[in-house]
Amino acid sequence: MDTIVFLDRSTIPEHITIPKPDVDCQWHEYATTTSEQVIERLQNASIVITNKVILNMQVLSQCPQLKMIAVAATGTNNIDLDYCRQHNITVSNIQGYATNSVPEHVLAMMFALKRNLVGYHQDIQAGVWQQQKQFCFFSHPISDIAGATIGIIGKGSLGNAVAALAKAVGMTVLFAERKGANECRKGYSPFELVLQQADVLTLHCPLAEQTHNIIGSDEFKLMKSTSILINAGRGGLVDEVALVEALYSQQIAGAGVDVFTQEPADDNNPLIANAHLPNLILTPHVAWGSDSAIQTLSNQLIANINAFIAGTPQNQCR
């Protein structure tokens, strides 16, 4: 009988139902697990479920019964995949579950920033409208989405889903080739050209050594002063200090950020420290989190476990 341990159940809302595996098993779940608690909790586990708890070589080498890691997310930055390959530990992640939720969040941020909704809301709170003698006032520029160009970094399921929604509202779509590439693949445009032409730049690529701080001070200098940046991918894709500087120097017009270099972000994070800016929208890593998306994730999570137990593992991370 397999022993399944869910290390961070609280990463899935309580009102979302997590199905039970098809076979009898010992099921243990914890709301959260600290780094000091991981090894003890996994001593008898043959299958572990983790969303963000780190499972590195030091941890995995002390979990002798472990046969499978079921990641309750798409990203595997917290898993030592090399160790798992070397020791025949199957790692399965969640794929294609948020292709509505994330793109809709990106578009929501895009519309809010291009129409300066936060800025106008703050102005009304401050009494600006009440002081006017007109039925309306224009303290912030308002830009149309139709006819604008969106640059997308990352052409996976989420990047393509964002492109579909963008086209539906009349935008021109450009997919950026890899940074530093000498040639462009079919369907891609040069990285620097995309930055120069995009009215909206959105990030949907994995976080890796090659993509860490893929957007920094040099990249902001290439962008239009009227452009906006949206990051609902990974926090490490953007240099957060450079982003704040770009907003203050008006190198770009606005930014929407759902992911941070450290999560949860504390008050020392440069974005949190400047959350008052009217052209900066921050959300706490919830772009993926519509109820339907999380239920799909939960169903697929258990389907991955069922497939592994049946000897036909799916959604494996290589």
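The values are calculated or read from the model by the stated rules, or taken from the named source; none is laboratory data. All of these numbers come straight from a predicted model, not from anything done at the bench. So basically every Cβ, Gly included, is an ideal-geometry build from the backbone, and we count neighbours across all protein chains shown. Surface areas here come from the heavy atoms of the whole protein model, side chains and all, with no ligands, DNA or RNA. Shrake-Rupley method; radii C 1.70, N 1.55, O 1.52, S 1.80 Å.
Can you bin the range 192-260 into rounded, prolate or oblate? Criterion: square roots of the alpha carbon gyration tensor eigenvalues sorted a ≥ b ≥ c, rounded for a/c under 1.5, prolate for a/b above b/c, oblate for the rest. It comes out prolate by the Cα gyration axes. The peptide list 274-286, 290-302, put in order of mean Cβ contacts within 10 Å with the highest first, becomes 290-302, 274-286. Surface composition of the range 142-250: carbon and sulfur make up 48 percent of the accessible area, probe 1.4 Å.
With a 1.4 Å probe and every protein chain left in place, work out the accessible area per residue of the chain in Å², rounded to a whole number.
Numbers: 15720 Å² over 318 residues.
I get 49 Å² per residue for the chain.
Taking amide H atoms as placed 1.01 Å from N in the peptide plane, the amide H of G256 lies under 5 Å from those of L229, I230, N231, I281, each 5 or more residues away in sequence or on another chain.
The figure for R185 is an accessible area of roughly 90 square angstrom, using a 1.4 Å probe on the protein chains alone. Each of the chymotrypsin sites (Phe, Trp or Tyr not before Pro) that DSSP puts in a loop and that has at most 13 other Cβ atoms within 10 Å breaks the chain; the longest unbroken stretch is 139-318.
Couplings 3J(HN,Hα) of the range 98-109, computed from phi: 10, 6, 9, 5, 5, x, 5, 5, 4, 5, 4, 4 Hz, in residue order, whole Hz [Karplus 6.51 cos²θ - 1.76 cosθ + 1.60, θ = phi - 60°; x for Gly and Pro]. Here r is the Cβ-Cβ distance between K133 and H87 and R0 is 45 Å; the resulting FRET efficiency, rounded to 0.05, is 0.05.
D199 contributes about 30 Å² of solvent-accessible surface, heavy atoms of the protein only, 1.4 Å probe. The amide H of V91, built 1.01 Å from its N in the peptide plane, has I69, C317 as neighbours under 5 Å, considering only residues 5 or more places off or on other chains. Building the convex hull from the alpha-carbon atoms of the range 136-228 and averaging its projection over directions returns 7.2 nm². Let's test the formula: R0 of 30 Å, r as the Cβ-Cβ distance of K67 and E263. What FRET efficiency results, to the nearest 0.05? The value I calculate is 0.55.
The lysine pair tally for the chain, using Cα distances under 20 Å and a gap of 8 or more places or different chains, is 11. Evaluated at q = 0.15, 0.17 Å⁻¹, the base-10 log of the normalised Debye intensity for the range 1-120, with identical point scatterers placed on the Cα atoms, takes the values -0.72, -0.86.
Given 20 °C and 1.002 mPa s, how large is the Stokes-Einstein diffusion coefficient of the range 1-52 in µm²/s, with Rh as the Kirkwood radius over Cα pairs? Diffusion coefficient, whole number: 185 µm²/s.
Computed packing ranks the peptides 160-171, 232-243 as 232-243, 160-171, most packed first, by mean other Cβ atoms within 10 Å.
If we count every other residue with Cβ under 13 angstrom of E245's Cβ, Lys/Arg +1 and Asp/Glu -1, where does the sum land?
Values: positive: K221; negative: D218, E219, D239, E240.
Neighbourhood net charge equals -3.
Carbon-plus-sulfur fraction of the accessible area of the range 1-98, 1.4 Å probe, in percent?
Details: 2240 of 4880 Å².
That fraction is 46 percent.
Using the alpha carbons alone, the radius of gyration of the chain stands to its Kirkwood radius in an Rg to Rh ratio of 1.02.
Compute the signed sum of charges (Lys and Arg +1, Asp and Glu -1) over the other residues within less than 13 Å, Cβ to Cβ, of T32.
Details: positive: R9, R41, K52; negative: D8, E29, E36.
Net charge in that neighbourhood comes out at 0.
Prolate is the label for the range 80-179, because a/c, from the alpha-carbon gyration tensor with a ≥ b ≥ c as root eigenvalues, is 1.5 or above and a/b exceeds b/c. Comparing A255, A208, A72 in a Gaussian network model of the chain where C-alpha atoms under 10 Å apart are linked, the largest mean-square fluctuation is found at A208.
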